[in-house]
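Notes follow the structure.
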Amino acid sequence: VKIAIIGGTGKLGRALGLRWARAGHEIVLGSRDPVRAKAVADALASSGRVSAGDYGSAAASSEVVVLAIPWSAHRETASAISVACVGKVVVDTTVPLNATRTGHALERGSAAELLQRELLPSARVVAGLHTIAAGVLADASLTIESDVLLCGDDEEAKKLALKLAEDLPARAFDVGPLSAAAVLERLPPLLIGLNKRYRRKHIGIRLSEV
Ligand SMILES: NC(=O)c1ccc[n+]([C@@H]2O[C@H](COP(=O)([O-])OP(=O)(O)OC[C@H]3O[C@@H](n4cnc5c(N)ncnc54)[C@H](OP(=O)(O)O)[C@@H]3O)[C@@H](O)[C@H]2O)c1
């Protein structure tokens, strides 16, 4: 599958690019800075097919678009890719953290629902990957023990996102409709707190008895 990773030069974006390139997918790293994106694409080239582009062209040339950008850039980035995303599967990984990283920036709802409802209404939005640490994905020698939890209202889009998550390779679960993103996006502050208390870096979530 040809996957555009918007924010592909960041910690999560490049780590996903590495894992999916190794799984045989074709990756386009989308960046605001073509020089930085080219350098990251070159660094990942030994893992598979990885190229670079600006946000709009990366999204336009791909079948699936993954958003790996900060909450502060969510609205602006969505507007840069909106034309390219009509009818496409868009996987939103955004975690809107508050200023102290202890909670969600929104009083209710989620970034993903906002994306689907207001910013990219013609895209098929799936939300997920919030609870998996980029540091684990970035080291291909590490086994991914955390599960990928995904939600969305478009069943076909969700099925494709689940398959891509399994290709990382990780266990992937459908946690329900897009409204479940309100729960998923509120889990990372809890993981940030756990990492601090237990002096760890990559604590994730794994389901049991499944
Ligand atoms: N890190 C993790 O372990 C992890 C895990 C799960 C979910 N997430 C979520 O994934 C998203 C990305 O996290 P990250 O840790 O990869 O962040 P990051 O390392 O800061 O990378 C974010 C990327 O977004 C792009 N970007 C676009 N607008 C930006 C702006 N105004 N300010 C800064 N960067 C901007 C940048 O790429 P260009 O400059 O090249 O365009 C940057 O490389 C966040 O929403 C985060 O909550 C992260």
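Descriptive notes on the structure:
- The number of residues in the range 21-40 that are crowded, with 17+ Cβ neighbours inside 10 Å and either within 11 Å of the ligand (Cβ to nearest atom) or among the β-branched types (Val, Ile, Thr) (or both) comes to 7.
- Residue ID - surrounded by the fewest Cβ atoms within 10 Å (Cβ to Cβ), chosen from residues in the range 134-154 that are within 11 Å of the ligand (Cβ to nearest atom) and more than 21 Å from residue 64 (Cα to Cα): 135
- None of 84, 123, 15 is at pLDDT 95 or above and over 27 Å from residue 171 (Cα atoms) except 84.
- Only listed residue being surrounded by fewer than 24 Cβ atoms within 10 Å (Cβ to Cβ), farther than 22 Å from residue 157 by Cβ, near the ligand (Cβ under 10 Å from one of its atoms) and not acidic (Asp, Glu), chosen from 97, 18: 97
- Where a residue in the range 29-42 is modelled with pLDDT of 95 or more and its partner, wherever it lies, is more than 8 Å from the ligand (Cβ to nearest atom) and among the polar types (S, T, N, Q), with Cβ under 7 Å and at least six apart: 41/51
- Of the criteria (1) buried (at least 20 other Cβ atoms within 10 Å of the Cβ); (2) within 16 Å of residue 5 (Cα to Cα); (3) touching a helix residue (DSSP H, G or I) at 6+ places or on another chain (Cβ under 7 Å), which one residue 88 fails: (3)
- Tally of residues being free of Cβ contacts under 8 Å to residues at least 60 places away in the same chain, within 16 Å of residue 73 (Cβ to Cβ) and in contact with a strand residue (DSSP E or B) (Cβ under 7 Å, 6 or more places away or on another chain) across the range 108-135: 2
The values are calculated or read from the model by the stated rules, or taken from the named source; none is laboratory data. All values reported here derive from a predicted model rather than from experimental measurement. Note that we place each Cβ from the backbone using ideal geometry, even for glycine, and neighbour counts take in every protein chain shown.
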